[in-house]
Amino acid sequence: MKIMISAGEASGDIYGAYLAQKLLELNPEIRLFGVGGAKMKEQGVEILRDPTAISAVGLTEVLANLPTHGRVLTQAARELERISPDCLVLIDFPEFNMRLAKRAASQGIPQVYLFPPTAWAWRKRRAKTLARLGTTIASVFPLEESTYRQAGADVRFVGHPLLDLVDHRGPDKKESARRDLGLDFEEIIGILPGSRDQEIKQLLPTMLRAASLIRQARPKVGLLLPLSHTVSYDMIREYVGESGLPVRVVAGETHRCMAASDALMIASGTATMEATIVGTPMVVIYKTSLPTYFLARLLVDIPHISWPNILMEKRIVPELLQDEAEPETIARLLLMILENPSLSGEIQDNLAEAVSKLGSPGALRRTAELILEVARK
């Protein structure tokens, strides 16, 4: 049996790697091919092309990369025809994967889509398009399941894979995480500027200025920056060095760093879901180009941008967009969390309620079982 996985971003590469692991556990004879990155390759996927380094945030940023994506798509389509897999597994990366799904459908290749396009938020026609293509949707939360079911798609609610991957939870998570990382600060702020160089350039200088203001108010606060495997350490080191702040940069320990922190300043995106599961209060920051921002305001049909607020359908953590994301505002909100245990506790309770909407652990195994079921048909 041959399975092809298409994941174009850092988070998709991680999910693809774990999914490959589960597939091989269920059927060691499977041959795995993929459009993805280093994480998938480590798990035995034969990488046909790696687009993870050119992924972007925002509509106009994506448009700027369209020529490169077009070339990768052409190559992926050729490989799809050459390999003729029993199932094509699509993970997020909608502008690319929607097109690849159409190529697969035209060749009679069934598809399973994990993290399908957010049709519940904008461009609702994409749900109907995938339903028409016969794509099976592996849904990760109830709102998504409802939207795709209404569009006529074959939907299976598998739960959220991060429940399998985020293990730094529990009553003693903070103490054990700090012990593992060798930290002895009384208070720690986690700095998470994103997983792409573009995000780092837009957000990290602002975050570091906010951290400086926090240190002026509370000089003993520790600063922790988990480094994504997709981001240049040299770039991070340059920004941190210019700031003059004693920031501890830690590679490969994002969830442990989240658990060790009292509060996070965090880029909008997948990391906010991870932080929700860990249960650490956060201030979410979103900055992009003005054209992208105004297009999003016109097209997106939801009032929130961060996952905890989307899940709860109300604002349980602060969100600062564009010009709102100023160092003074970020610092003020984080200091409020540090100085008010009752506020911090209320946020943690709301985050726990949000997590309850994500189903139960085992999502990746259930998704792997679904893929094999579709492939056998």
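Summary of values
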{"item": "Segment 73-111-segment 268-285 distance, computed between alpha-carbon centres (Å)", "result": "32 Å"}
{"item": "Cα extents of segment 131-289 along the three principal axes, largest first (Å)", "result": "56, 40, 25"}
{"item": "Three-way shape call for segment 221-377 based on the alpha-carbon gyration tensor, with the a/c threshold at 1.5", "result": "rounded"}
{"item": "Rg/Rh ratio calculated on Cα atoms of segment 83-147 (Kirkwood radius)", "result": "0.95"}
{"item": "Scaled radius of gyration (Cα, divided by 2.2 N^0.38 Å) that segment 326-373 gives", "result": "1.91"}
{"item": "Qualifying lysines (Cα of each under 16 Å from Cα of residue 287; at least 8 residues distant if same chain)", "result": "201"}
{"item": "Percent of C-alpha pairs per 5 Å bin, segment 1-43, short to long", "result": "6, 29, 36, 20, 8, 1"}
{"item": "Mean separation of Cα contacts under 8 Å, 6 or more apart, over the residue count of the chain: relative contact order %", "result": "17 percent"}
{"item": "Viscosity 0.692 mPa s, temperature 37 °C, Stokes-Einstein D of segment 85-222 from Kirkwood C-alpha radius, µm²/s", "result": "178 µm²/s"}
{"item": "Cα shape, segment 240-290, gyration tensor, a/c 1.5 rule", "result": "oblate"}
{"item": "Global geometry of segment 300-350, whether rounded, prolate or oblate, following the gyration tensor of its Cα atoms and the 1.5 cut on a/c", "result": "oblate"}
{"item": "Normalised convex hull volume, the chain, alpha-carbon set, Å³ per residue", "result": "128 Å³"}
{"item": "Accessible-area value, residue 120, 1.4 Å probe, nucleic acids and ligands omitted, Å²", "result": "20 Å²"}
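The values are calculated or read from the model by the stated rules, or taken from the named source; none is laboratory data. On a predicted model such as this, the values are computed, not experimentally measured, just so you know. These accessible areas exclude ligands, DNA and RNA; they are computed on the full protein's heavy atoms, side chains included. Shrake-Rupley method; radii C 1.70, N 1.55, O 1.52, S 1.80 Å.
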